[in-house]
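Beneath this line is the structure, given in C-alpha cells, with notes to follow.
The values are calculated or read from the model by the stated rules, or taken from the named source; none is laboratory data. Predicted, not measured: the structure shown is a model, and the values here were computed from it. Reconstructed Cβ throughout: ideal geometry from the backbone, glycine too, with neighbour counts over all protein chains shown. SASA here: full protein model, heavy atoms, side chains in, ligands and nucleic acids out. Shrake-Rupley method; radii C 1.70, N 1.55, O 1.52, S 1.80 Å.
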Amino acid sequence: MNKALLTSSQTVGPFFAPALLRKDAVRHVLVQPETVGERIRIEGHILDGDRLPVPDGLVEIWQANAHGRYHHLRDQGPAPLDLSFVGFGRSGTENEGLYWFETIKPGPVPFDQQRWQAPHICVTVFSRGLLNHLVTRLYFADEPSNANDPVLLCIPENRRATLLAPSQQEGTNVVYRFDIILQGEGETVFFNV
C-alpha cells in the first residue's frame, strides 16, 4: 500500500507584474479632459499585519461617475452616462507599498427604491499570500451622507474608520489617503462577496 505524502503549502505570487501590471493593463489615470466631476487623487499603502509595506500588491477600483452612474450595461438608471469615464482603475504597489489613482469623486448611487449609498469607491486587493482577493470600500471622510449609507451602517461603529479616507489639499489637488491594512490591529474592513 502506497502512503501518500502531503504536499507542502505555498503562497500565491507575486506574479502581478508580468501578468496584470503590463504597461497596457495599468490604469492610474481614470479621467480625460472632458470628464465631468471634481478631480481627486487617491493614494495609500498596502500594509501587512506588522505594518510593513507590501511591495508587490495590486489594487483595482470600480466607481460610478460624478452623476452616480456606473459605466456598465446593467446600470440603466436615470443618471447621465459620461462616456469619457469608464470608472475602472488598476495600480501595482511600489516598494513602499504605495498605490495611486487620479479620478473624480463619484456621485451617490441607489441602494434600493428608497435609499441611497454615499459616494464610495469599490476596492479590490490582490497580494502575495492571498488565495482570494479582498474587497473593501473607500468612503470619503468629509462626506455628510456617510451617516445614512446603508452599507456603512452595517459595519460596527468602532470599525467604520477603516473605510474612511481623509482628505488634504496639496496645492490645487485634493488628495484622499486610504491605507489598506491586511490584518491585525486596525485591519481594514473587508466584505465577503
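Net charge of the neighbourhood of E60, taken over other residues with C-beta under 11 Å away and scored Lys/Arg +1, Asp/Glu -1, is +2. Protein-only accessible surface at a 1.4 angstrom probe places the residues E96, E170 in the order E96, E170, largest first.
A 1.4 Å probe run over the protein chains yields, for the stretch 93-193, 54 Å² of accessible area per residue, whole-number rounding. Under the shape rule built on the C-alpha gyration tensor, where the axes satisfy a ≥ b ≥ c, the stretch 91-169 is prolate, since a/c reaches at least 1.5 and a/b is greater than b/c. Ligands, DNA and RNA left out, the accessible area of the chain computed with a 1.4 Å probe is 54% carbon and sulfur. Look at [x] 54, 47, 23; [y] 67, 39, 36; [z] 90, 39, 33: the one that is Cα extents along the principal axes in Å derived from this structure is [y].
Using the Cβ of Q168 as centre and a radius below 12 Å, the other residues enclosed give a net charge of -1, where K and R count +1 and D and E count -1. Each other residue within a Cβ distance under 9 Å of I40 adds +1 if Lys or Arg and -1 if Asp or Glu, for a net charge of +1.
Kindly provide the helix-only [θ] at 222 nm of the chain, computed as the sum of -39,500 (n - 2.57) over DSSP H runs of four or more divided by all residues, to the nearest 500 deg cm²/dmol?
Details: 1 runs with 4 residues, N = 193.
Taken over the chain, the calculation gives -500 deg cm²/dmol.
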